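Structure record follows, encoded as structure tokens.
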Amino acid sequence: MKRLLLTLVAFALLPATACSLRQKPTGENYYAQGQLDFATREYKAAIENYQQLIDKFPFSPYAEDAEMKIGLAHYQQQDYAEAIGALDDFQRMHPTSKNLELVTYYIGLSYYDQIGREDQDQGKTMAALKRFQELEQRFPEGDFAELAHEKVLVCREMLARNEMVVGNYYYKRANFRAAESRFAELMQKYPETPVAPDALFELGISLEKEGKRYSAAQAFAAVKKHFPNTNYAKKAQSELAKLHQPIDTEEDPLPLVLAETGYGGNPDDANADKVVVRQRTDVASAAGSSAYGSDGLPILRAPSSPPAAAARAPSPDMPAMTHPPDPSQPDLPDRKPGGPDMMRAPAPTLPAPTGSIAGAASAQARAMTGAAGSAPLSLSEPPTAGPATLKTIRLSSNDPPLSVILELSGPVSFAKNLRSSSGGSTATVVLKDVTPDSALQTHLVFDKSIFKDCNVSSSSSGTTVTLNTQPVAHFAIVPLAGPPRLLVTFTPQAGTLKTSAAN
């Protein structure tokens, strides 16, 4: 009886003894299983194991990499909102991580993969563009910079196409003022895209429909100048022949027409966008032969496949790490044409900060660049305005002149005002922190074209230039560089130019 009792007690203790022999999973176990799940595309299981590691071993050397892999696993499952949230959290919590370049790229891809048609809302396109430009600026020499630049070009074209769709919508409904605004905005923001020649030509047509024949002529002249090898240049020449309007041959007509439509030109406008124009003759050549489909829309590629899957361990227990992480192994994955390798183990110590904002300006310049060819035209906010001298005031050299040129010693800030009556117009330009040259006359008589005379006065705050003209519809000011000057261009009222020319 006593022997039977001892036997029963022994059997009762066996389960407890077996449980004590099995060790609890460690942080390395959870990480190894998560890596294995990720490699075999079991992303849901990978997320669970990475999360277990973070929750139970928050100070593990693998925790940081697990946080990043959770975001990448969500991306691979096309759970874009979760991926963006996880990767954004990683950026905020690890601002010095050497994986920031990779993380920024995949946040951009998470938005990029959700881009729809050109006639749909472009919120995702804007968000993707912002992330890819951020990557170019912070890591201009990084391994993902070239990939990001390609995506920037596609995003900018998609945004330009959306503006074109909206502009055409207004044009077809005879809302020419709204169409003009859309086409002009496209030319200001996205002049290097393949739709720019079309947009500039349609801008001229819209201006012509509004009765702004002079401004329309400047737009058609700009088409000929900047896109001479396109069909739109021939169409623009035909429209110019019908309009019989003078063209300002001394200056580039594009900044003139953009200023006249209300875009660009004022250095006080903090939101002024740089305008870069380059000749574009082929869509595929600008962003790579595979960047666009036959319909001209961007090809939104499917996510790259992960590396070859590893065999799952047959044991139900979690596998142990056979080797500790190699501190010399870089965290950034391979960026070769087979897709990024996201399975590398992290170093157990906190990595040193990488990346800098050095070269951000050159990266931004590349983002605004189209195909190589003609030199770019830049309409940007000039350098910080400071004390300057007004050297000369003269009429433009074209015949008849419709612009006045104020030559300066440096960039300036200015304000303008126009008063009109039946007898003529008075345009006032206030140059802040500017003094007139001692040799400059205070009263100039032009008596040519639409211009009567000009008065120059100065005070402690700056210099005021008052231009008296024949009746004009409006005027615009375009800051130009090399040498610094302001181009004050006027749009005469209907019939005024013929009358003044006869005089």
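The values are calculated or read from the model by the stated rules, or taken from the named source; none is laboratory data. These numbers come from a predicted model, not from an experiment. Counting neighbours? That spans all protein chains shown, and the Cβs are built from the backbone with ideal geometry, glycine included. Heads up: the accessible areas ignore ligands, DNA and RNA and are worked out on the full protein's heavy atoms, side chains in. Shrake-Rupley method; radii C 1.70, N 1.55, O 1.52, S 1.80 Å.
Structure above, values below:
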quantity: Most to least packed among 200-213, 445-458, 43-56 [average Cβ atoms within 10 Å]; calculated: 200-213, 43-56, 445-458
quantity: Residue pairs, from the table Lys189/Lys416; Lys224/Lys391; Lys189/Lys432; Lys224/Lys448; Lys234/Lys416, whose Cα atoms sit over 31 Å apart; calculated: Lys224/Lys391; Lys234/Lys416
quantity: Protection proxy ranking, peptides 389-398, 133-142, 66-75, average beta carbon neighbours within 10 Å, highest first; calculated: 66-75, 133-142, 389-398
quantity: Descending Cα extents along the principal axes, the range 152-272, whole Å; calculated: 39, 34, 29
quantity: Accessible surface, 1.4 Å probe, highest first, among residues Asp89, Asp252; calculated: Asp89, Asp252
quantity: Test item: Cα-centred dipole of the range 148-210, Lys/Arg +1 and Asp/Glu -1 on Cβ, debye; calculated: 240 debye
quantity: Under 5 Å, built H, 5+ apart or other chain: amide partners of Ser413; calculated: Lys432
quantity: Met126/Glu146 FRET efficiency (R0 22 Å; Cβ-Cβ; nearest 0.05); calculated: 0.50
quantity: Solvent exposure ordering (accessible area, 1.4 Å, most first) of Lys225, Lys235; calculated: Lys225, Lys235
quantity: Per residue value of the accessible surface for the range 136-188 (all protein chains in place, 1.4 Å probe), Å²; calculated: 40 Å²
quantity: Whichever lysines have a C-alpha closer than 20 Å to that of Lys24, once near sequence neighbours (fewer than 8 apart) are set aside; calculated: Lys56
quantity: Contour minus Cα-Cα distance for Gln23 and Ala178 (0.36 nm per residue); calculated: 48.7 nm
quantity: Sulfur and carbon atoms: percent of accessible area, the range 38-123 [1.4 Å]; calculated: 47 percent
quantity: Computed label-point distance, nm, for sites Met93 and Thr392 using a 7 Å Cα→Cβ extension; calculated: 6.6 nm
quantity: Projected label distance in nm at Ser461 and Asp433, using a 7 Å step from Cα toward the beta-carbon; calculated: 1.5 nm
quantity: The range 96-234: relative contact order in percent, alpha carbon pairs under 8 Å with at least 6 residues between; calculated: 16 percent
quantity: Pairwise centroid distance, computed over Cα atoms, of the range 63-86 with the range 421-469, Å; calculated: 63 Å
quantity: Summed side-chain charge close to Phe490 - residues other than Phe490 whose Cβ falls under 11 Å, Lys, Arg +1, Asp, Glu -1; calculated: -2
quantity: Compactness relative to 2.2 N^0.38 Å, alpha carbon Rg of the range 17-125; calculated: 1.26
